[in-house]
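Only one structure is covered here, and it is reproduced in the block below.
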Amino acid sequence: MLYREAGQFKTSYAADQAIFPIAQDRWVFWGFLIVAFVVPPLTGSQYVMGPILIQLLVFGLAALGLNLLTGYAGQISLGTGGFMAVGAYACYNFALRVPELPLVVDVMLGGVCAALVGIVFGLPSLRIKGFYLAVATLAAQFFLTWIFDHVGWFTNYDPAGVASAPSRTLLGSWAEEGGPLGFLAPINILVSGPRAAPETKYLVTLAIVVVLALFAKNIVRSSTGRAWMAIRDMDIAAEIIGIRPLRTKLLAFAVSSFYCGVAGALYVFTYVGNADTEAFDLIRSFQILFMVIIGGLGSILGSFLGASFIVLLPVGLNIVASTLGEGTLASNTLANLELIIFGSAIIFFLIVEPNGFARLWQIGKEKLRLWPFPH
Amino acid sequence: MWDPVFFLEVLIGGLLSGVMYSLVALGFVLIFKASGVFNFAQGAMVLFAALTFVLLLEVSGDFWDWTAWLSLVFAVLAGGLFLLNHYSTLLQRTVVTSSRVAIALAAIAIVLLPILFDGGQNMWRGVFITLLIFMVLTVSVRQPRAAAAVLLGVALAAFFAGEINFWRSLALTLVIMIILAMAIESVVLRPLVNQEPIILFMATIGLNFVIEGMAQGVWDADVHALDIGIEDIPFEIGGLFISQFDIFAAVTASILVAGLAIFFSRTRVGRALRAVADDHQAAMSVGIPLKNIWAIVWAAAGIVALFAGMLWGSKVGVQFSLALLAFKALPVLILGGFTSVPGAIIGGLIVGATEKVFEVFVGIPYFGGGTESWSPYMLAMVFLLFRPQGLFGEKIIERV
């Protein structure tokens, strides 16, 4: 009743190939976007915006990156944490050593560094497949976090090995009062560091994520995305019809690592405020992989749905546990209980819907088209 | 400052610890070989087994009286079910009780009984009786009444069991691992039959969380010392100092590997396992019971996890870090090949030797140490470029 495409005629190829060919989808999407940009900064508490929404966006972006690699190009990677760390530390060093650069450029450069590292660690993918590849990507995970732990230059020789995000502005130091681009000073707001407003951090993160998600959506609809999917479905056949496996796979690794790197940089600059290799350990890689699987392999929307599930489940468990178990359970019992529930929830979900939230979403939409008069 | 003796010591130390890695890797190989599942929860199973064992050692007295009663009950139940099954087949009626349950109960009773019977006073007697009972049971699979009689007899004998707890703890832990394996099979794996490998892999990571939480939540998160009677004293051979404990661990691992290799290549069940690994549907269509096979394989992996947990636990203490051993086992796996039992040993040797030698001669002098976390992975990655299926893995043949 509400969700019918009847009567919506397309008069051009462009309209027919739009991301949301159905008008209702478009309205919901734009409505959602407006709500996302407007409502949290106006009403949100510090807690909702910082630890929850920004975290969700950052991990959603990382999951999106991994989904491009695993869901679209079919290469399993367990090195996501390592690539995020590359993005984070590269961005930190750009911001620290070249303060003239706008923060957004720092973040993107972090992504580019991650992409280069990703290409190097993607090289074995030409020879190895499946779980062998997954284990081989663990090399990236362990090697990269080790390097950031042991080479002092990356953390600017911080004695504790923790790199605190410096205070940086949206447009860089040239655009500050008295700089060569001083006329831009009024809009040159502080984005990172302890004095930056959470609203700014949230909006910058959201903007970057929206742009990159749109970009990802378009890559996977292009010939590149089709090549990735061909490689995923059967790489030998893809090779025979003229898709170059090395180039395609390395491109997938590069783009995926770029997204993960940007997510890592945002993690440091807008979410947590400091870079620590603990935050990019193997557990993080698994967490991101969970988001991808639970969200749905090969779905952009699914990455974000999966990220919401993984981010919000512990929060929800925590709230339930603290209201119910206040004082009755020891905190480490509670932590273990959370671990058990988290694990069981994942197993349960995999059994009930192995194709993830994206599939549920699709089923929901199909049901809604017939509602309220199903066959 | 090149010192060949020191180098040899480092090398041998590395080789011996490599054998310990391959113990953990074995569990992965077993499950991957038989079900194509990459079981990430193996590390958690090592932790769980070791913790269970240690804590059973620490309880005493009344608890073991209870177990004696319990084993009696299990044995009687198993015997009863065997008899029931037998007669219901004779009467051409539908078998009401699953023979699987009967076999499970029998397994529990069998593992519990000989050791309770012996009371741990004499280890060889216990082992001998266990073997005897296994033999009798294998012979009597087609003669349930005989099996039932044996079980009942042993159960009664077991009831008057002795005092020492080590072997009883071992037995009970084995039983718990077998139950865990069966639970995993029926709760996690069966509903996920025919799913993509990556979905199964993810499920085992979820399982990993559950088992870790259980191990620490149901038991506790403290560090426990475990003494299995072999002291970590170095002894000297021709100027080289080698740890006695490492030798013992290596020998245990070798026996386990040899046993498993023979099991896979020579026995009926082993052939069934390989058939299942090759093609689920084809195996089922020739009458191989998939469920039992999977339960057996997970139980075997659980037992391997127990041995790994005991050896590692007595070396470094039973604590959470045992779960992280899985990450030491992964490069071993890809070096040796996911599907090869001997490969796990060879891979373990290579990984152990490389990481120790690299750490001592390159890592500590030039990089400030800590290279052990990644050097095996780098080695494995480079290695895979030349041999994508590992040293002993089955050749991957792809067709369009």
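Just a few scattered comments:
- Among residues of segment A:226-257, those that are β-branched (V, I, T) and closer than 10 Å to A:A73 by Cα, counted: 2
- The set of residues in segment A:261-280 being modelled with pLDDT of 90 or more and within 14 Å of chain B (Cβ to nearest Cβ) consists of A:F280 alone.
- Positions within segment A:150-171 being charged (D, E, K, R) and touching a Phe, Trp or Tyr at 6+ places or on another chain (Cβ under 9 Å), in sequence order: A:R168
- Counting only helices (runs of 4 or more DSSP H) that fall entirely inside segment B:277-356 and contain at least 3 residues that are among the aromatic types (F, W, Y) and under 14 Å from the mean Cα position of the chain (by Cα), the qualifying elements are B:290-316.
- Check on B:L56, part of a helix (DSSP H, G or I) and touching a helix residue (DSSP H, G or I) at 6+ places or on another chain (Cβ under 9 Å): yes
- Subset of segment A:1-30 [surrounded by fewer than 10 Cβ atoms within 10 Å (Cβ to Cβ) and modelled with pLDDT of 85 or more]: A:F9, A:T11, A:S12, A:Y13, A:A14
- Scanning segment B:189-202 for residues that are under 14 Å from B:I31 (Cα atoms) and either surrounded by fewer than 23 Cβ atoms within 10 Å (Cβ to Cβ) or at the interface with chain A (Cβ under 9 Å from one of its Cβ atoms) (or both) yields B:P197, B:L200, B:F201.
- Residue in segment A:329-371 that is modelled with the highest pLDDT, counting only those that are outside any helix (DSSP H, G or I), within 14 Å of chain B (Cβ to nearest Cβ) and surrounded by fewer than 16 Cβ atoms within 10 Å (Cβ to Cβ): A:E353
- Of all residues making up segment A:102-134, the number that are in a loop (DSSP other than H, G, I, E, B) and either more than 30 Å from A:E176 (Cβ to Cβ) or facing chain B (nearest Cβ under 9 Å) (or both): 3
- Yes/no for B:Q281 being farther than 12 Å from B:V341 by Cα, loosely packed, with under 12 Cβ neighbours inside 10 Å and free of Cβ contacts under 8 Å to residues at least 60 places away in the same chain: yes
- Selection within segment B:28-47 - in contact with a Gly (Cβ under 8 Å, 6 or more places away or on another chain) and either at pLDDT below 85 or part of a helix (DSSP H, G or I) (or both): B:V29, B:Q42, B:M45, B:V46, B:L47
- The helices (runs of 4 or more DSSP H) located wholly in segment A:1-89 that include 3 or more residues which are of a type in the set (F, W, Y) occupy A:23-43.
- A:L312 closer than 21 Å to B:M214 by Cα and modelled with pLDDT of 85 or more: no
- Selection within segment A:135-162 - of a type in the set (A, V, I, L, M), more than 8 Å from every other protein chain (Cβ to nearest Cβ) and surrounded by 21 or more Cβ atoms within 10 Å (Cβ to Cβ): A:A140, A:L144
- Out of B:F361, B:F327, sole residue that is surrounded by fewer than 22 Cβ atoms within 10 Å (Cβ to Cβ) and more than 11 Å from chain A (Cβ to nearest Cβ): B:F361
- Scanning segment A:48-77 for residues that are under 15 Å from the mean Cα position of the chain (by Cα), among the β-branched types (V, I, T) and surrounded by fewer than 24 Cβ atoms within 10 Å (Cβ to Cβ) gives a single hit, A:I52.
- The listed residues are B:I255, B:I228, and the only one of them that is among the β-branched types (V, I, T) and at pLDDT 80 or above turns out to be B:I255.
- Taking first residues from segment B:365-387 that are facing chain A (nearest Cβ under 7 Å) and closer than 19 Å to A:L78 by Cα and partners that are outside any helix (DSSP H, G or I) and at pLDDT 80 or above, the Cβ contacts under 9 Å between residues at least 6 apart in sequence or on separate chains come to B:M381/A:I128; B:L384/A:R127; B:L384/A:I128; B:L385/A:R127; B:L385/A:I128.
- Qualifying residue in segment A:232-251 (condition: within 14 Å of another protein chain (Cβ to nearest Cβ), touching a Phe, Trp or Tyr at 6+ places or on another chain (Cβ under 9 Å) and within 30 Å of A:F29 (Cβ to Cβ)): yes
The values are calculated or read from the model by the stated rules, or taken from the named source; none is laboratory data. Quick caveat, the model's predicted, so the values are computed rather than measured. Don't worry about glycine lacking a Cβ; one is built from the backbone with ideal geometry, like all the others, and counts go over all protein chains shown.
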